[in-house]
Amino acid sequence: MSTAIFEPCGGERWRNPFPMYKQLRDEDPVHHVLDNGAGQDYYVLSRFNHVFEAVVDSATFSSAAGLTVNYDDMDKLGLESPIVMMDPPEHTDLRKLAVKRFTPKQVRELDSMVRAFVVERIDAIREMGNADIVAELLKPLPSFVVAHSLGVPAEDRHRFDTWTHATVDANAEGSLLDANAVVADLFGFFARLIEKRRAEPRDDMLSALILGRLKTGEEVSMAKLLGMAFTMVTGGNDTVTGLLGGTLEILTRYPEQRARLIEDPSAIPAAIEEFLRLTSPVQGLTRTTTRDVEIDGHVIPEGRKAMLLYASANRDEREFGADAEACNVSRKIRRHIALGYGPHHCIGAALARLQGRITLEELLTRCPDFAVDADAGTYATGAYTRRFTTLPFVAQA
């Protein structure tokens, strides 16, 4: 009988959840947690093929009942579902309007703006000599990019940053749905901004959604617009921080891999896929089964939550080879699920890759001998997103 267990992580437990993942993959890949802490059970999928098949089958593994192990997410939310809690065809219809603002070409046009931000922050860190890289770069960068993408006016971005940080922290704690005051402030701000954009559309995502029409010919409702802003703030910040912090930890631990990127910077875009695979900032989210599902002889009954462990799947030797736990910046990756896949592939994926690429290009050029002290770093609490909240950085190790 397997001794594998699954315990939700958070804080110090994020330091090394990978042995737990491996034991689940090897011994109990369809693991049944009998009590989620609220007297309800759920299942945990940890192998790549099982997670991948669930991710792409939104008809069977539904997002509509929420993405945590709790069965009352939608009651707590108290508003129309944001896009991440929709299923096709409703999800697909809204997604088509949103992704028009996130094509690779449009994202590339942000290159100079993002690069200027990164360079300014890195130069300031070099002057300090050592710093908390999360506070100085890894948290401010995605906040800046999300604000720009949503069309937040420059004069309001200092207020936006405060709301963003509070919302992200609540999300990391796993208590976003209980953070009523934060969410109310955020929605109030964006409701006013949406009305401004109705009167004077600009070249941003909110304006594109306001001007767009759903397949029915209807306008995008205020609730859906607010839901998109909610999704961008909660999904586009701590995830990028997690990718970047984890990447710097990996490059400190694998100096030979860093040397390869310094020698050939053109390899950085492909290497970002390896860093996404290994860091998997969103370690897992749940779906709810719409029918009884049999997986390798185990039956997940209809209406039960299933935790899809992306981070475990992305280190599965069955998909990525015997060295799946190690970093290889030249690895040929056919597919990974750090940014989802299929209907729920992250709409901001190109933005995340852009921020990762530019940050690495500039750090490896300006601070090629940097080091981070992961042992002294601290992790966010909360059971879904793995990211450093502090990470000591030395520009010249």
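The values are calculated or read from the model by the stated rules, or taken from the named source; none is laboratory data. Computed from a predicted structure; not experimentally measured. FYI the Cβ positions are ideal-geometry reconstructions off the backbone, even for glycines, and counts take in every protein chain you see.
GLY303 passes every criterion in (1) assigned to a loop (DSSP other than H, G, I, E, B); (2) under 19 Å from the mean Cα position of the chain (by Cα) apart from (2). Screening ALA326 on (1) assigned to a loop (DSSP other than H, G, I, E, B); (2) touching a Lys or Arg at 6+ places or on another chain (Cβ under 9 Å); (3) small (Gly, Ala, Ser) shows it passes everything except condition (2).
The rows are residues; the columns are (1) among the small types (Gly, Ala, Ser); (2) surrounded by 15 or more Cβ atoms within 10 Å (Cβ to Cβ); (3) under 14 Å from the mean Cα position of the chain (by Cα).
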{"position": "ASP238", "(1), (2), (3)": "no, yes, yes"}
{"position": "THR289", "(1), (2), (3)": "no, yes, no"}
{"position": "GLU294", "(1), (2), (3)": "no, no, no"}
{"position": "ILE337", "(1), (2), (3)": "no, yes, yes"}
{"position": "TYR341", "(1), (2), (3)": "no, yes, yes"}
{"position": "GLY348", "(1), (2), (3)": "yes, yes, yes"}
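Whether any residue in the range 120-143 is of a type in the set (D, E, K, R), without any contact (Cβ under 8 Å) to a residue 40 or more places away in the chain and farther than 26 Å from THR252 by Cβ is what I want to check. No: the range 120-143 contains no residue that is of a type in the set (D, E, K, R), without any contact (Cβ under 8 Å) to a residue 40 or more places away in the chain and farther than 26 Å from THR252 by Cβ. The residues in the range 32-85 that are among the charged types (D, E, K, R), at pLDDT 95 or above and under 15 Å from GLU7 (Cα atoms) can be counted, and the count is 1. Summed over the range 359-385, residues that are modelled with pLDDT under 95 and not in a strand (DSSP E or B) total 5. Please give the number of the condition ARG315 fails out of (1) assigned to a helix (DSSP H, G or I); (2) under 25 Å from TYR379 (Cβ atoms). (1) is the only condition that ARG315 fails.
Of the helices (runs of 4 or more DSSP H) lying entirely inside the range 87-169, those carrying at least 3 residues that are crowded, with 19+ Cβ neighbours inside 10 Å and at pLDDT below 85 are 90-99. Considering the range 242-282, and only residues there that are assigned to a helix (DSSP H, G or I) and hydroxyl-bearing (Ser, Thr, Tyr), the residue that is farthest from ALA380 (Cα to Cα) turns out to be SER266. Residue count for the range 201-233, restricted to those that are crowded, with 22+ Cβ neighbours inside 10 Å and either among the β-branched types (Val, Ile, Thr) or in contact with a strand residue (DSSP E or B) (Cβ under 7 Å, 6 or more places away or on another chain) (or both): 2.
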